[in-house]
Amino acid sequence: MQHKSSSRAPKTLTHAYMVCGVGREPSQWVKAPAPVQGKIGHLKGAVGQFWLPEILGSSPRLEQDNDIARSLHAAMRACFPHDVEICTGSTQPHCVHHSFVLQQDSSHTLYGIALRVWSRADEKRAETIRDLRKRTEADYYDSPGETYWIPYCLSFLSRYPLYNLLGDYLRGMWIHWNKATNLFHAEEVSRILSFPAPRLNDLVRIDMKDYALCYQFPSAPTGFQNFAMWPLFSCLSIPNIVGILEAAVSPTRRIIFISHYPAMLTVATETVRYMVRVYEWSGLYVPVVHARHARELVQEPGPYILGLTAECRTLFTAPSDALVVDLDRNFVLTSSPPTAWTARQRSKLINRMTQALDGDVAPSGVPSHLRSAYGGGKLIPAGQIIVMRGEVESVHDPEWWNQDEVMKVMDHACEKLGKNTGVRAVFGGAQKKPLTTKVSMRHLNEIVRERNQYSRDAMEAWQDFINLKGRMDMELSKVSKRNNYLVEELESWKQQFLKFQTFAEQLTKETNELKIKIEGHKRENRRLNSMIDQHKDDSQRLTVRLSGTEKQRDDALQALVLQQEIAEELERERKRNKKDLSALQHTNVTLLRQRDEAQRVVLHLRALIDGQAHHMEHIVKSIGDVPEAAELTNATGVEGAEKDQAEISPVRPQSAAWSRASSRASTRMSQYRTDDRHLRDKTDAIAYIIRNISEQCAAAVEGLDLARRAETVSSEGGDDDSRSESGKQRGKRSKKRMSADSMSGHGDNDNGSDFDSGDNRSEARSSYLHPKRGSSNVPPTPELVHDRSSTSMSVASESTTATPQRYSLQSQYRTHEEGIPEVPAQIVDGELLEALEEEQPVTKFNARGLERQQAVAEHGQ
């Protein structure tokens, strides 16, 4: 089966794709075993522990073919030559890429490209790493904010040594499509895995985003060179390179390359192998050696070219005939220099190599594109590209590099090793005699290499068997111990089971007792539940009643509040009524006092009028003594009496008869027309006296009317207070004048008054004490003064001359809004009731009232 698969030609450009690293669960991580010799150096900021990697996914799958599984496991060791180490730091470590070669047998070789990327560890993994560091590192200081970075490796395997083509595609795939959720079945992975295998002389083109990767297949299978050779000349000087090439063409020479950068190891080994292509290197060829295999491979017999990282330098001791080449420091170490060329040939080769490069080249170290996968954070293709849009930066060969000239010099030197020169060519021929062995050196090297490979595989299998047997013995001992422990536990559990059985019987008995008690408690519980239900019903009824009672209480409280408000309102009303009652009582007292004063005034006026009437009669009698003027005097007296009674008509309604008599007398006087001086003086005196009496009567009436107005105004409000005060003042002045006239009248006329007519006038005046409107505060009537009037007949009397101009009752009410008040009725006896029904008041507007009054008086006599 293996022979059949080896004879088939590859159908695709790539052989397999793989992602490897540590598993998702930290509990499944396996620590890497410590090396037998030395110690592997760690990266800067790395945790002091290595873990074994595992294949996380591949295409095709591991289960499909054993050869695929064996190839992928070998590629995984080449991807992580130090196993997996975890780094710490705030920034992500640099991503690196390198190529490697897997030599399976003499006819099968796989070429791989690996890209190591970093992923931030989640909290679970970070906690596992912290716990491990606490146990293994004595000086570990826990930092909660520390970030851990876990490496993963993406790798392509191919039957063709397409280092630059597949390396650029893998780096471009990651930087352009690293957001894919599934890196094992992404579109670009499937695309390259299904890319058909080209034939010789075909142009391979893989389109990227802005450019296309391309490579022209050679015309022969041994002509593949998809890598740059000049990095070796930038790391080593030409004499060192010539020494390495001399060791490569030696039959049993061994070369070990050392560098910190795995990418530089593969470029150096491939450059040396390609430069000695004439011999078709057949020895052991491992450009990137795993750390655990370094000691075995270095000690293997036969020629080999190995590449080890600088961190593994302490893991092996190089043989004395091996060349240890330090690519980072341009240093070659060996105890037995090669002797394939003479010193002259070696010097000539160095000079020709220097001339091919246009002079000596100063080593500058490992190029930057081999140190990091993404220089400056961007992808710089190392192979041939075709730019489709924009400008794309790529790695170019230095100006001093001339590969064709270098290869001509090297091919010429290799070809001369198989020919005789000088004297040997003259005597022995140009061609060297072949070795007398039955097999060629190439086949012998291949046989030795394969034997050594099988030997290593057998040793690995044996070692794995020993490890598995040891693990099995250990597990068996653990299982035996566990079995013994379980037997002891079984006996213990048996004893406990017996105790438990005794306890179970006791518990069964107690359970039966408890069941009886539980039945009793259940009955009691049912009884209590019924009582509780009854209490709940009672509580609900009481709650309903309580809610009704509370509602009634709230209504009662509202009614109580309303009653309190009403009581307060009634209390305020009572206080107001009490205050008004006291005011009414005060007003009533005031009115009573005013009534008494008004009665006294009326009585005084009656007496005064009676005295004036008596005086008038005396004057009339004196006038009647003159014979020639007797008739005229009577007429004048009657006219004066008429005028006098007209002025006091609101007080004495009996003066109506006098008014009519005066009218007849004036008619008669118009007939006589006498110019008697004496009669005129008497008449003027009588008229003035009558006017004085009329003014006093009008003042008294005005005082009474003002009292009535003051009562009305006080009930209307405070706006008419000023008007009432003015009325009071006028009433006081008028009553003072009236009092003076009354006192004067009393002094002059004590015996000549008419009591009957005086009583009538007094009764007429008394009607002003009972006004028609409501009671109010009336100012009291002022006291009468004795200097206001006089009954003296003298024309030059002081009282008469000082009397002011009189005003009629009608003119007094022209200044007010009210009309002329009605004259109150007279209070008379029952005998005069019929006579008074037709009586009219004596006023200056009606003269008939006096005549009717005189007639009533005569009828009474």
Within the stretch 88-127, residues of a type in the set (Ser, Thr, Tyr) and either out of contact with any Phe, Trp or Tyr (no Cβ under 8 Å at 6 or more places or on another chain) or part of a loop (DSSP other than H, G, I, E, B) (or both) come out as Ser90, Thr91, Ser106, Ser107, Thr109
Here is a list of conditions, (1) surrounded by 13 or more Cβ atoms within 10 Å (Cβ to Cβ); (2) more than 18 Å from Met229 (Cα to Cα), and Ser394 meets all of them except one; can you say which number that is?
(2)
Filter pass, Phe217 being over 20 Å from Gly283 (Cβ atoms), in the same structural domain as Ile175 (by TED's automatic domain parsing) and aromatic (Phe, Trp, Tyr):
no
Across (1) closer than 24 Å to Trp230 by Cα; (2) at pLDDT below 90, Pro367 clears everything bar (2)
Sole miss for Asp65 among (1) surrounded by fewer than 17 Cβ atoms within 10 Å (Cβ to Cβ); (2) under 27 Å from Arg295 (Cα atoms) is condition (2)
Suppose the filter is in the same structural domain as Pro319 (by TED's automatic domain parsing), at pLDDT below 90, part of a loop (DSSP other than H, G, I, E, B) and among the charged types (D, E, K, R); does Asp360 pass it?
yes
Criterion first (under 19 Å from Tyr374 (Cα atoms), modelled with pLDDT of 85 or more and of a type outside the set (Phe, Trp, Tyr)) does Gly167 satisfy it?
yes
Subset of the stretch 293-326 (residues that are of a type in the set (A, V, I, L, M, F, W, C) and under 23 Å from Ser282 (Cα atoms)):
Ala294, Leu297, Val298, Ile305, Leu306, Leu308, Ala318, Ala322, Leu323, Val324, Val325
Among the residues of the stretch 300-334, write down those that are over 29 Å from Ala34 (Cβ atoms) and in a loop (DSSP other than H, G, I, E, B).
Pro303, Asp321, Asn330, Thr334
Tell me the residue from Arg295, Arg313 that is touching a Phe, Trp or Tyr at 6+ places or on another chain (Cβ under 6 Å), in contact (Cβ under 8 Å) with a residue 12 or more places away in the chain and surrounded by fewer than 20 Cβ atoms within 10 Å (Cβ to Cβ), please.
Arg295
Going by the conditions given, is Arg133 of a type outside the set (Asp, Glu), within 45 Å of the chain's Cα centre (by Cα) and either surrounded by 14 or more Cβ atoms within 10 Å (Cβ to Cβ) or not in a loop (DSSP other than H, G, I, E, B) (or both)?
yes
Just checking, which of Tyr211, Tyr148, Tyr169 is in contact (Cβ under 8 Å) with a residue 12 or more places away in the chain, within 26 Å of Leu72 (Cβ to Cβ) and surrounded by 17 or more Cβ atoms within 10 Å (Cβ to Cβ)?
Tyr169
Any chance Glu85 is among the charged types (D, E, K, R) and surrounded by fewer than 17 Cβ atoms within 10 Å (Cβ to Cβ):
no
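The values are calculated or read from the model by the stated rules, or taken from the named source; none is laboratory data. What you are looking at is a predicted structure, and each value in this text was computed from that prediction instead of being measured. As a convention, Cβ positions derive from the backbone with ideal geometry for all residues, glycine included, and neighbour counts pool all protein chains shown.
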